[in-house]
Amino acid sequence: MRKSHSGDESCPRPAGRFSSAFLLAQVGAHAASKFAERLAKLELAPPHAGILRILSSTPGITQQKLASMLGMAASRLVALIDDMDSRGLIERRGNPDDRRRYALHLTEKGRTMLESVSRISREHSQALLAALPDDEKRQLADFLQRIADEQGLTRGVHPGFGRIGEGDKRERE
């Protein structure tokens, strides 16, 4: 019997090879769960981390453009932005191009938080890919980027953003 990740030898593993699609889904779900656990130490969820990263690279973006970039309804984004604003991580400023809209910016506290998120992200990546030497890590990243590009995924945006708030909708129905 093989050792499971937890070290428990009593847990049998199914024999045989599994499809690449299954393995991508299995590792992806595991990676997402572990990243969320690590971010929880900062009292953040993965959507917060993604928004901080995007605002760092596109300061002054409007909520509407951010929602579009994330593939989510603007109305669903409002709660996340309100939470981050109330925590002092981001701020809404008047948009010089359209006074009806706000431009979103990181605050100093938000930039400091993003540095912590980046550190956690690096640690997460190192732990997740510990079984691979550096050249294979780069090769894997190249392969995965090619797959993501071919599938039409937006670079740097987790497809889960589009599902934020759907659970609330199902609960109301």
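Is there any pair with a first residue in segment 125-141 that is over 17 Å from residue 20 (Cβ atoms) and a second that is assigned to a loop (DSSP other than H, G, I, E, B) and at pLDDT below 95 whose Cβ atoms are under 9 Å apart and which are 6 or more apart or on different chains, and what are they?
Note: no pairs meet the criteria.
Has segment 146-161 got at least one residue that is assigned to a helix (DSSP H, G or I), of a type in the set (D, E, K, R) and more than 22 Å from residue 29 (Cα to Cα)?
no
If you go through segment 50-82, how many residues are among the hydroxyl-bearing types (Ser, Thr, Tyr) and touching a His at 6+ places or on another chain (Cβ under 9 Å)?
0
Any chance you could count how many residues in segment 41-90 are within 14 Å of residue 113 (Cβ to Cβ), among the basic types (Lys, Arg) and without any contact (Cβ under 8 Å) to a residue 24 or more places away in the chain?
Selection size over segment 41-90: 1.
Filter segment 139-157 down to the residues that are within 16 Å of the chain's Cα centre (by Cα) and of a type in the set (Val, Ile, Thr), then identify the one that is farthest from residue 32 (Cα to Cα).
Per the stated criteria, the residue is 154.
Can you name the residue in segment 94-107 that is under 16 Å from residue 51 (Cβ atoms) and touching a residue at least 24 places away in the same chain (Cβ under 8 Å) and is also surrounded by the fewest Cβ atoms within 10 Å (Cβ to Cβ) among such residues?
So the residue we want is 105.
Can you tell me which residue in segment 57-81 is farthest from residue 158 (Cα to Cα), limited to those that are polar (S, T, N, Q) and buried (at least 16 other Cβ atoms within 10 Å of the Cβ)?
The residue in question is 62.
The values are calculated or read from the model by the stated rules, or taken from the named source; none is laboratory data. All values reported here derive from a predicted model rather than from experimental measurement. Note that we place each Cβ from the backbone using ideal geometry, even for glycine, and neighbour counts take in every protein chain shown.
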